Amino acid sequence: MVDNNRAITATSGNSDGDDKKVGAGVNGGGENERDNTSSLSSGSGSGESDDAILPRGQVDPVYEEKARILNRAIQEIGIGPYQYLLFLVVGFGWASDNLWPVATSLILPPIALEFLPSRPAYLTLAQNIGLLAGAIFWGFGCDVFGRKWAFNLTLGITAVFGMCAASSPNFAAIGVFASLWSFGVGGNLPVDSAIFLEFLPGSHQWLLTVLSVDWAVAQVVATLVAWPLLGGMTCQEGGNGGCERGENMGWRWFLIALGGLTLLMFGLRFAAFKIFESPKFLMGQGRDEEAVRVVHEVARRNGRESGLTVEDLRRAEPEGYVARTDVKVAVKRRLENVKMERVRVLFSTRKLAWSTGLIMAIWAFIGLGYPLYNAFLPYIQATRGADFGDGSTYLTYRNSLIIAAVGIPGALLGGYLVELPRFGRKGTLSLSTVLTGVFLYCSTTALDSQSLLGWNCAFNFTSNVMYAVLYSFTPELFPTPQRGTGNALTATCNRIFGIMAPIVAMFADLRTAAPVYTSGALFIAAGVLVLLLPFESRGKAAL
């Protein structure tokens, strides 16, 4: 019978007697036991290790030792069919994370023309509120209830409410539906990045960066679908008054198309691929037998064998460690997990606190800078294009497609740069973020539509490099038991500041360069902060 309720109590940050006993055992008498482990459980000794991103002593010692054992087991299995298929289905979450925010920005002009709201930016505000709620719920929840169920639900929620939004009779209704579909979107990256990273051997963690190519492709798909639908079935900018529903159906068909595509991705993820729960999550919950079973099943699917045993993991436990198996304790532990202790662990040492605080600030700056400009890009293209004499709806969405296509090589370049010696994650992220801000400033010098398009292409190229690294580097900085929580914290900072973007837009004139200057300054500041991060993850395995 599988023992589903063995608990590594210290990983959740509890400070009662049992936790102190575990910590003391590992730091004291437990060392002799670990000396007798198999090759999988042989560590690198005390002190800072060069095989893991977080040096020794940053997290609970029992969990830390077991995580290193699992890292070596997963590295022994290597990369294979399971990870490649996981790469594909995880990519659906990456695609959805960009597909729907881009959709909101693309439908904003025709919705504003049809419903004539006093403040069109409320639509973006509703979206960002939904993204914030989703990031908090799914991000924190996946550390408590597991990655698997959240992984399967987020796309389904997004698809259903996205298609329902096409029937919106007024501006308030489309705002509500935008927040509901965004609740599903908000959980994609916190959950998907965690589960993918936890199945990757340390030698292939760069694949998490390459995943952002799906993020860039999604922008191309959205604008490619929008070009004929919104370009040919939308009221023209500059018309007198509003327009009737019948002559402005493009955005409704657009939402149905994207909702159907997301529903297809949900079906493929749910029915065509069997996702296993993360072995590190299972181990962190005390479910060692299940963790070992998952490792062996992944090895089998990759055509290999694993030498990992339950005994390898249990040798990391101090003498006198007692398994707790009754249902009452299991339920109590679930409830105890829902508390601030998971957050406190991420600030438990000076280095870890500095790292967590800085990455949260970086996400916050980018969270305001990116939507302040990009969410209103079609609107800026249309209004500035009108000033240049070519602001037609057709050209607006054609240019949006060109800008989106340029982002794809940016994501691929990010995957290459992060593995360069003496450059790595920090160098790539800092340079691409600063350049993103610089190109925004350059866009204010545009004297015609073609030069504005060129600067926007440069902006999208470097911002895709930036996001490719940011989305992969961030989960690497957190230990598995708190990875969802860490992802949730950064995503929450990103979404809270994202909420501020449409508020700023309401009181700023989008026809001027003021929002662009603000956005550019935020990117440059975020790029400088990256250089202050204490950890570099290139060539090291996540705990």
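Okay, here's what the table says:
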{"quantity": "Hits in the stretch 75-88 (condition: open to solvent by 10 Å² or more (accessible area, probe 1.4 Å) and either over 14 Å from residue 207 (Cβ atoms) or assigned to a helix (DSSP H, G or I) (or both))", "calculated": "75, 76, 81, 84, 85, 87, 88"}
{"quantity": "Given (1) under 27 Å from the mean Cα position of the chain (by Cα); (2) over 24 Å from residue 96 (Cβ atoms); (3) of a type outside the set (S, T, N, Q); (4) open to solvent by 10 Å² or more (accessible area, probe 1.4 Å), number of the condition residue 247 does not satisfy", "calculated": "(1)"}
{"quantity": "Search result, residues across the stretch 388-405 that are surrounded by fewer than 17 Cβ atoms within 10 Å (Cβ to Cβ), of a type in the set (S, T, N, Q) and modelled with pLDDT of 70 or more", "calculated": "none"}
{"quantity": "Condition met for residue 151 (in a loop (DSSP other than H, G, I, E, B), touching a residue at least 40 places away in the same chain (Cβ under 8 Å) and under 30 Å from residue 74 (Cα atoms))", "calculated": "no"}
{"quantity": "Index of the failed condition, residue 274 passing every other in (1) touching a helix residue (DSSP H, G or I) at 6+ places or on another chain (Cβ under 8 Å); (2) open to solvent by 10 Å² or more (accessible area, probe 1.4 Å); (3) in a loop (DSSP other than H, G, I, E, B); (4) under 24 Å from residue 144 (Cα atoms)", "calculated": "(1)"}
{"quantity": "Residues (in contact (Cβ under 8 Å) with a residue 24 or more places away in the chain and either open to solvent by 20 Å² or more (accessible area, probe 1.4 Å) or touching a strand residue (DSSP E or B) at 6+ places or on another chain (Cβ under 6 Å) (or both)) located in the stretch 250-264", "calculated": "253, 256, 257, 260, 261, 263"}
{"quantity": "Filter result for the condition that a residue is more than 17 Å from the chain's Cα centre (by Cα) and small (Gly, Ala, Ser), over 443, 463, 472", "calculated": "443"}
{"quantity": "Top-ranked residue in the stretch 277-304 [being surrounded by 21 or more Cβ atoms within 10 Å (Cβ to Cβ) and of a type in the set (Lys, Arg); ranked as farthest from residue 199 (Cα to Cα)]", "calculated": "287"}
{"quantity": "Residue 452, sole failed condition from (1) crowded, with 20+ Cβ neighbours inside 10 Å; (2) hydrophobic (A, V, I, L, M, F, W, C); (3) under 21 Å from residue 428 (Cα atoms)", "calculated": "(3)"}
{"quantity": "Neighbours by Cβ (under 6 Å, 6+ apart or cross-chain): first from the stretch 225-239, at pLDDT 80 or above; second of a type in the set (Ser, Thr, Tyr)", "calculated": "226/397; 227/397; 230/397; 234/393"}
{"quantity": "Residue 215 being surrounded by fewer than 22 Cβ atoms within 10 Å (Cβ to Cβ) and assigned to a helix (DSSP H, G or I)", "calculated": "no"}
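The values are calculated or read from the model by the stated rules, or taken from the named source; none is laboratory data. All values reported here derive from a predicted model rather than from experimental measurement. Note: ideal-geometry Cβ built from the backbone for every residue, glycine included; neighbour counts use all protein chains shown. We work out accessible area using only protein heavy atoms, side chains counted, and drop any ligands, DNA or RNA first. Shrake-Rupley method; radii C 1.70, N 1.55, O 1.52, S 1.80 Å.
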